[in-house]
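Please read the structure below before turning to the comments.
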Amino acid sequence: VLAERVRSDTSSELALSAAATQAHALFAAGDTTAAVRALRAVLQRPLPPGSLLAWTPLGGLGAERLLLSRLLLARGQSREAQRVAESLELAAPASFPLYLRASLEVRVAAANALGESRRAAQLQARLAGLSAMTAARTTIR
C-alpha cells in the first residue's frame, strides 16, 4: 500500500522520504556509487509547496546532505563535498545546526585535500570553538 501511494504521488513528502530512505539503503548495502546517484537525485527534488519539512526530522535532508558530502570526500571529490557540506550552514531548516560539527569536519578534510591550508585552519578554529562551547555547557550543569 505504501509503495503504491509513493508511486501515485511523486511530489509528496512521502515520496521524498521514500527516495531518501532508498539512498540510505543503497549505502547500507555497500553500493556507494548508486547511493551517491540516489542522494544527488533526492537533493535535486523540489520540496513540496507549503511543506513543513523545515520543522520535521527529514527537515531539509540534512542527513542526506551529510552522507553525500562524506561519500564525495571519500571518493576524492573534495570540491563537491565541500559545496554540499556548506549547504548545512543555512539558517533554515531548524535541523541543520545538528549537522554543523560534522559538516565542519568534512569541510576541514576537503580543504586539506584541496591544499587550502588557510581555509582548513579557519574551519578548524570554528570546530575548536564548538568544542569549547560544548565543554563550557557541560561544566555549567
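Nothing in this text is a laboratory measurement; each read-out follows from the coordinates by a stated rule. Here the structure is a predicted model, which means the values were calculated and not measured. A quick note on method: Cβ atoms are made from the backbone with ideal geometry, for glycine too, and the neighbour counts reach across all protein chains shown.
A few points about this structure:
- Other residues whose C-beta falls under 14 angstrom from the C-beta of Phe27 contribute a net charge of +3, scoring Lys and Arg +1 and Asp and Glu -1.
- Rough spin-label spacing in nm, given labels placed 7 Å along Cα→Cβ, for Ala113 and Glu4: 4.4
- Once the Cβ-Cβ distance of Gln124 and Arg37 is raised to the sixth power relative to R0 = 30 Å, the FRET efficiency obtained is 0.45.
- You can think of it this way: the chain between Arg79 and Ala29 has 15.4 nm of extra reach, that is 0.36 nm per residue less the Cα-Cα gap.
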